[in-house]
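The values are calculated or read from the model by the stated rules, or taken from the named source; none is laboratory data. Predicted model only: the values in this text are computed from it and were never measured. Here Cβ is always computed from backbone atoms with ideal geometry, including for glycine, and neighbour counts include all displayed protein chains. Heavy atoms of the whole protein, side chains included, go into the accessibility calculation; ligands, DNA and RNA do not. Shrake-Rupley method; radii C 1.70, N 1.55, O 1.52, S 1.80 Å.
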Amino acid sequence: MSVKKFVCADLHLGHAKNALRRGFSSAEEHDLMLIERWNSVVRKSDIVYILGDITMEKRAPYVILDQLNGIKYVAGGNHDRRQDLYELLNHVNGFAACYEVKGCILTHIPIHPDELNRYRKNIHGHLHSKSIDDSRYVCVSLEHTYMAPIDLDILLQ
């Protein structure tokens, strides 16, 4: 089997308010469902690009990342604090501002439309349940991906 590439954004692990907004009774229930759904689609050898907001400015939930299958690369989000980067790198395989994969730019916050002409699409997070009315932008916040990473090849079809 070949290695698949997945994308998702806005995990917000350990964040009670976000869990309630997503219909869960607690952060623990949210995180357990995320682990279950994630591991049902991602194999240990697959690559996952997490497009920001791993937590809500807390380090403690990073250990949950160890329970998620795949080789994990993070594009920094607005709630991923610089002072936590060394701890985060104990639980993921890489961290960058953005990634370029299959002609697409992967970011947390959508890029400006003037910058998009160099890329096939901007796959991003940050907007949660909202989206941009432009087919060049694809929001992969967990609200759009049924609480699991989505296969990049399927997304681009």
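General remarks:
- Selection of first residues in region 100-111 that are of a type in the set (S, T, N, Q) and of second residues that are in a loop (DSSP other than H, G, I, E, B), restricted to Cβ pairs under 9 Å at least 6 apart or on distinct chains, gives the following pairs, ordered by first then second residue: Thr107/Leu51; Thr107/Gly52; Thr107/Ala97; Thr107/Cys98; Thr107/Gly125; Thr107/His126.
- In region 4-38, the residues that are touching a Lys or Arg at 6+ places or on another chain (Cβ under 9 Å), open to solvent by less than 80 Å² (accessible area, probe 1.4 Å) and assigned to a loop (DSSP other than H, G, I, E, B): His12, Gly14, His15
- Strands (runs of 3 or more DSSP E) fully within region 82-157 that include at least 3 residues being modelled with pLDDT of 95 or more and of a type outside the set (Phe, Trp, Tyr): 104-106, 122-124.
- Among the candidates His108, His126, His112, residue that is farther than 21 Å from Leu32 by Cβ and open to solvent by 80 Å² or more (accessible area, probe 1.4 Å): His112
- Against the numbered list (1) open to solvent by 40 Å² or more (accessible area, probe 1.4 Å); (2) within 22 Å of His30 (Cα to Cα); (3) at pLDDT 95 or above; (4) not in a helix (DSSP H, G or I), Val74 comes up short only at (1).
- Remark: pairs (first residue in region 72-94, closer than 20 Å to Ser141 by Cα; second residue of a type in the set (Asp, Glu) and open to solvent by 30 Å² or more (accessible area, probe 1.4 Å); Cβ separation under 6 Å; 6+ apart in sequence or on different chains) = His79/Glu57; Arg81/Glu57.
- Among the residues of region 39-49, the ones that are without any contact (Cβ under 8 Å) to a residue 60 or more places away in the chain and in a loop (DSSP other than H, G, I, E, B) come to 4 in all.
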